[in-house]
1. Quick one: in region 171-204, which of the residues that are of a type in the set (S, T, N, Q), in a loop (DSSP other than H, G, I, E, B) and modelled with pLDDT of 70 or more is farthest from residue 147 (Cα to Cα)?
2. For region 61-89, name all the residues that are within 21 Å of residue 146 (Cα to Cα), in contact with a strand residue (DSSP E or B) (Cβ under 8 Å, 6 or more places away or on another chain) and not small (Gly, Ala, Ser).
3. Which members of region 97-110 meet the condition of being touching a helix residue (DSSP H, G or I) at 6+ places or on another chain (Cβ under 8 Å) and of a type in the set (Val, Ile, Thr)?
4. So how many residues does region 134-150 have that are buried (at least 21 other Cβ atoms within 10 Å of the Cβ) and either outside any helix (DSSP H, G or I) or touching a helix residue (DSSP H, G or I) at 6+ places or on another chain (Cβ under 6 Å) (or both)?
5. State all residues of region 116-133 that are part of a loop (DSSP other than H, G, I, E, B) and farther than 30 Å from residue 98 by Cβ; if no residue qualifies, say none.
6. Report those helices (runs of 4 or more DSSP H) wholly inside region 1-115 carrying at least 1 residues which are within 19 Å of residue 137 (Cα to Cα) and modelled with pLDDT of 80 or more.
7. Among the residues of region 53-96, how many are in contact with a helix residue (DSSP H, G or I) (Cβ under 9 Å, 6 or more places away or on another chain) and touching a residue at least 40 places away in the same chain (Cβ under 8 Å)?
8. Quick check: is even one residue across region 134-144 touching a strand residue (DSSP E or B) at 6+ places or on another chain (Cβ under 7 Å), of a type in the set (S, T, N, Q) and within 22 Å of residue 193 (Cβ to Cβ)?
Amino acid sequence: MTTREQFLGRLRSATGERAPADTTGEPVPPVRYAVDRSGLTGFTESWTALGGTVETVTDLEAAAAAVEAWTAGKGPLMVVNHPDLAGVPRDIDWPDCDLDVAPDAGCGVVRADAAVAQTGSVVVSSTTNHGRSVSLLPLNCVFVFRRDEIVDDPGDILRADFGPDGPPSQLVLIGGPSRSGDIEMSLTTGVHGPGVVHAVVVTG
(Lines give C-alpha, C1' and ligand atoms only; values in the text may rest on other atoms or scores of the structure.)
Protein backbone atom coordinates (compact mmCIF):
# COMPACT_ATOMS: atom_id res chain seq x y z
CA MET A 1 0.00 0.00 0.00
CA THR A 2 1.29 3.44 -0.91
CA THR A 3 1.80 5.62 2.13
CA ARG A 4 0.97 9.29 2.23
CA GLU A 5 4.68 10.16 2.28
CA GLN A 6 5.36 7.98 -0.77
CA PHE A 7 2.48 9.54 -2.67
CA LEU A 8 3.59 13.07 -1.87
CA GLY A 9 7.17 12.17 -2.74
CA ARG A 10 6.15 11.00 -6.20
CA LEU A 11 4.05 14.11 -6.70
CA ARG A 12 6.93 16.40 -5.74
CA SER A 13 9.29 14.51 -7.98
CA ALA A 14 6.95 14.84 -10.96
CA THR A 15 6.33 18.56 -10.42
CA GLY A 16 9.80 19.52 -9.28
CA GLU A 17 8.44 20.75 -5.96
CA ARG A 18 10.77 20.61 -2.99
CA ALA A 19 9.74 18.97 0.25
CA PRO A 20 8.68 21.46 2.91
CA ALA A 21 11.30 22.43 5.45
CA ASP A 22 11.03 20.83 8.86
CA THR A 23 9.79 23.60 11.12
CA THR A 24 8.93 21.39 14.07
CA GLY A 25 9.61 23.21 17.30
CA GLU A 26 10.16 26.61 15.71
CA PRO A 27 8.19 29.44 17.35
CA VAL A 28 5.31 30.84 15.34
CA PRO A 29 5.98 34.51 14.53
CA PRO A 30 3.33 36.94 15.79
CA VAL A 31 0.82 38.37 13.34
CA ARG A 32 1.69 41.93 12.34
CA TYR A 33 -1.00 44.51 11.58
CA ALA A 34 -0.52 47.85 9.89
CA VAL A 35 -2.49 49.48 12.72
CA ASP A 36 -2.87 47.99 16.19
CA ARG A 37 -6.44 48.19 17.42
CA SER A 38 -7.95 46.98 20.67
CA GLY A 39 -11.05 47.25 22.80
CA LEU A 40 -14.23 49.12 21.96
CA THR A 41 -12.41 51.98 20.24
CA GLY A 42 -10.49 49.59 18.02
CA PHE A 43 -13.58 47.60 17.12
CA THR A 44 -15.51 50.77 16.29
CA GLU A 45 -12.74 52.00 13.99
CA SER A 46 -12.46 48.67 12.17
CA TRP A 47 -16.21 47.96 11.94
CA THR A 48 -17.12 51.40 10.63
CA ALA A 49 -14.26 51.26 8.12
CA LEU A 50 -15.95 48.15 6.70
CA GLY A 51 -19.30 49.94 6.38
CA GLY A 52 -21.03 49.03 9.64
CA THR A 53 -22.41 51.37 12.29
CA VAL A 54 -22.04 51.20 16.08
CA GLU A 55 -23.80 52.57 19.11
CA THR A 56 -23.17 51.97 22.80
CA VAL A 57 -25.77 51.57 25.54
CA THR A 58 -25.52 51.08 29.27
CA ASP A 59 -27.68 47.98 29.78
CA LEU A 60 -29.92 45.42 28.08
CA GLU A 61 -33.05 47.54 28.52
CA ALA A 62 -31.36 50.38 26.66
CA ALA A 63 -30.14 47.86 24.07
CA ALA A 64 -33.72 46.76 23.39
CA ALA A 65 -34.77 50.40 22.92
CA ALA A 66 -31.81 51.05 20.60
CA VAL A 67 -32.63 48.01 18.50
CA GLU A 68 -36.28 49.03 18.25
CA ALA A 69 -35.31 52.53 17.11
CA TRP A 70 -32.74 51.35 14.55
CA THR A 71 -35.00 48.69 13.03
CA ALA A 72 -38.08 50.93 12.72
CA GLY A 73 -39.42 50.89 9.17
CA LYS A 74 -37.03 48.17 7.99
CA GLY A 75 -39.70 45.50 7.54
CA PRO A 76 -40.71 42.48 9.63
CA LEU A 77 -38.31 42.04 12.53
CA MET A 78 -36.92 38.55 13.27
CA VAL A 79 -35.23 38.19 16.67
CA VAL A 80 -33.22 35.28 18.06
CA ASN A 81 -34.78 33.68 21.11
CA HIS A 82 -32.07 34.61 23.64
CA PRO A 83 -32.42 35.94 27.22
CA ASP A 84 -30.43 39.09 26.42
CA LEU A 85 -32.86 39.92 23.59
CA ALA A 86 -36.05 39.19 25.53
CA GLY A 87 -36.98 42.89 25.69
CA VAL A 88 -36.77 43.45 21.92
CA PRO A 89 -40.21 43.67 20.23
CA ARG A 90 -40.49 41.26 17.32
CA ASP A 91 -42.65 40.17 14.43
CA ILE A 92 -40.90 36.81 14.02
CA ASP A 93 -39.46 34.78 16.90
CA TRP A 94 -36.58 32.56 15.81
CA PRO A 95 -36.41 29.53 15.94
CA ASP A 96 -40.03 29.19 17.07
CA CYS A 97 -41.39 30.39 13.72
CA ASP A 98 -41.85 28.21 10.66
CA LEU A 99 -38.78 28.08 8.44
CA ASP A 100 -40.69 29.40 5.43
CA VAL A 101 -41.44 32.64 7.34
CA ALA A 102 -37.77 33.50 7.96
CA PRO A 103 -36.98 34.76 4.42
CA ASP A 104 -39.76 37.37 4.77
CA ALA A 105 -37.88 39.19 7.55
CA GLY A 106 -36.57 42.63 6.65
CA CYS A 107 -34.28 42.87 9.67
CA GLY A 108 -32.67 40.34 11.99
CA VAL A 109 -31.42 40.75 15.55
CA VAL A 110 -28.59 38.47 16.64
CA ARG A 111 -26.83 37.88 19.96
CA ALA A 112 -23.18 37.91 18.93
CA ASP A 113 -20.84 35.80 21.06
CA ALA A 114 -17.90 38.19 20.71
CA ALA A 115 -16.30 40.84 18.53
CA VAL A 116 -12.76 41.33 17.22
CA ALA A 117 -11.22 44.79 17.43
CA GLN A 118 -8.36 44.24 15.02
CA THR A 119 -10.49 43.01 12.11
CA GLY A 120 -13.84 44.68 12.88
CA SER A 121 -15.63 41.34 13.03
CA VAL A 122 -18.56 40.07 15.06
CA VAL A 123 -18.50 36.42 16.07
CA VAL A 124 -21.73 34.47 15.67
CA SER A 125 -22.14 30.86 16.76
CA SER A 126 -24.82 28.46 15.56
CA THR A 127 -25.42 27.34 19.15
CA THR A 128 -26.27 30.77 20.57
CA ASN A 129 -28.40 31.77 17.57
CA HIS A 130 -29.97 28.42 16.66
CA GLY A 131 -28.27 28.30 13.28
CA ARG A 132 -27.38 31.15 10.92
CA SER A 133 -30.73 32.16 9.42
CA VAL A 134 -31.18 35.40 11.39
CA SER A 135 -27.68 36.66 10.53
CA LEU A 136 -27.91 35.56 6.90
CA LEU A 137 -31.39 35.99 5.42
CA PRO A 138 -32.58 39.57 6.22
CA LEU A 139 -31.25 42.59 4.32
CA ASN A 140 -30.57 44.40 7.61
CA CYS A 141 -29.00 42.89 10.73
CA VAL A 142 -28.27 44.09 14.26
CA PHE A 143 -25.63 42.39 16.41
CA VAL A 144 -25.88 42.79 20.19
CA PHE A 145 -22.95 41.99 22.48
CA ARG A 146 -21.20 43.20 25.62
CA ARG A 147 -18.13 45.38 25.76
CA ASP A 148 -16.16 42.79 27.76
CA GLU A 149 -16.72 40.29 24.93
CA ILE A 150 -14.51 42.30 22.56
CA VAL A 151 -11.14 40.63 21.97
CA ASP A 152 -8.15 42.13 20.19
CA ASP A 153 -7.25 39.44 17.68
CA PRO A 154 -9.03 36.59 15.80
CA GLY A 155 -6.60 34.17 17.43
CA ASP A 156 -8.22 34.95 20.79
CA ILE A 157 -11.44 33.44 19.44
CA LEU A 158 -9.76 30.34 18.03
CA ARG A 159 -7.88 29.72 21.28
CA ALA A 160 -11.00 30.09 23.45
CA ASP A 161 -12.04 27.31 25.81
CA PHE A 162 -15.30 25.95 24.41
CA GLY A 163 -15.81 23.54 27.29
CA PRO A 164 -16.37 19.77 27.22
CA ASP A 165 -18.70 19.91 24.21
CA GLY A 166 -16.11 21.65 22.06
CA PRO A 167 -16.80 24.48 19.58
CA PRO A 168 -20.20 24.91 17.92
CA SER A 169 -20.88 23.34 14.53
CA GLN A 170 -20.54 26.82 12.99
CA LEU A 171 -18.53 29.75 14.30
CA VAL A 172 -18.67 32.65 11.84
CA LEU A 173 -16.72 35.91 11.85
CA ILE A 174 -18.73 38.58 10.05
CA GLY A 175 -16.80 41.62 8.86
CA GLY A 176 -19.32 44.30 7.93
CA PRO A 177 -21.98 44.12 5.21
CA SER A 178 -21.99 41.19 2.79
CA ARG A 179 -19.97 41.99 -0.35
CA SER A 180 -19.79 40.14 -3.65
CA GLY A 181 -17.60 40.98 -6.63
CA ASP A 182 -17.86 39.79 -10.23
CA ILE A 183 -15.28 39.32 -12.94
CA GLU A 184 -15.68 42.98 -13.98
CA MET A 185 -14.68 44.09 -10.45
CA SER A 186 -18.17 45.39 -9.72
CA LEU A 187 -18.85 45.23 -5.98
CA THR A 188 -22.39 44.56 -4.75
CA THR A 189 -23.58 44.43 -1.14
CA GLY A 190 -26.29 42.25 0.32
CA VAL A 191 -26.15 39.34 -2.15
CA HIS A 192 -25.00 36.62 0.23
CA GLY A 193 -26.08 38.20 3.50
CA PRO A 194 -27.14 41.49 5.09
CA GLY A 195 -26.26 44.62 3.14
CA VAL A 196 -26.71 46.89 6.18
CA VAL A 197 -25.27 45.98 9.59
CA HIS A 198 -25.37 47.66 12.98
CA ALA A 199 -23.67 46.80 16.29
CA VAL A 200 -25.18 47.58 19.68
CA VAL A 201 -22.54 47.31 22.41
CA VAL A 202 -23.68 47.02 26.04
CA THR A 203 -21.08 48.74 28.20
CA GLY A 204 -22.60 48.20 31.67
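1. First pass over region 171-204, keeping only residues of a type in the set (S, T, N, Q): 178, 180, 186, 188-189, 203.
From what's left, in a loop (DSSP other than H, G, I, E, B): 178, 186, 203.
Adding the requirement that they be modelled with pLDDT of 70 or more leaves 178, 203.
Numbers: 178: 24, 203: 5 Å.
Across region 171-204, the extreme among qualifying residues is 178.
2. 67, 70, 71, 78, 79, 80, 81, 82, 84, 85, 88, 89
3. If the condition is that a residue be touching a helix residue (DSSP H, G or I) at 6+ places or on another chain (Cβ under 8 Å) and of a type in the set (Val, Ile, Thr), then 109, 110 are the ones that fit.
4. Looking only at region 134-150, we keep the residues that are buried (at least 21 other Cβ atoms within 10 Å of the Cβ), and these are 134-135, 138, 140-145, 150.
Narrowing further to those that are either outside any helix (DSSP H, G or I) or touching a helix residue (DSSP H, G or I) at 6+ places or on another chain (Cβ under 6 Å) (or both): 138, 140-145, 150.
Final tally of qualifying residues: 8.
5. In the first step, residues of region 116-133 are kept if they are part of a loop (DSSP other than H, G, I, E, B); the result is 117-120, 126-132.
Listed by number, the residues that qualify are 117, 118, 119, 120.
6. On the way: elements: 4-15, 39-49, 60-71.
It comes to 60-71.
7. The total comes to 15.
8. Scanning region 134-144, I find at least one residue that is touching a strand residue (DSSP E or B) at 6+ places or on another chain (Cβ under 7 Å), of a type in the set (S, T, N, Q) and within 22 Å of residue 193 (Cβ to Cβ), so the answer is yes.
The values are calculated or read from the model by the stated rules, or taken from the named source; none is laboratory data. What you see is a predicted model, and the numbers here were worked out from it, not measured in a lab. Reconstructed Cβ throughout: ideal geometry from the backbone, glycine too, with neighbour counts over all protein chains shown.
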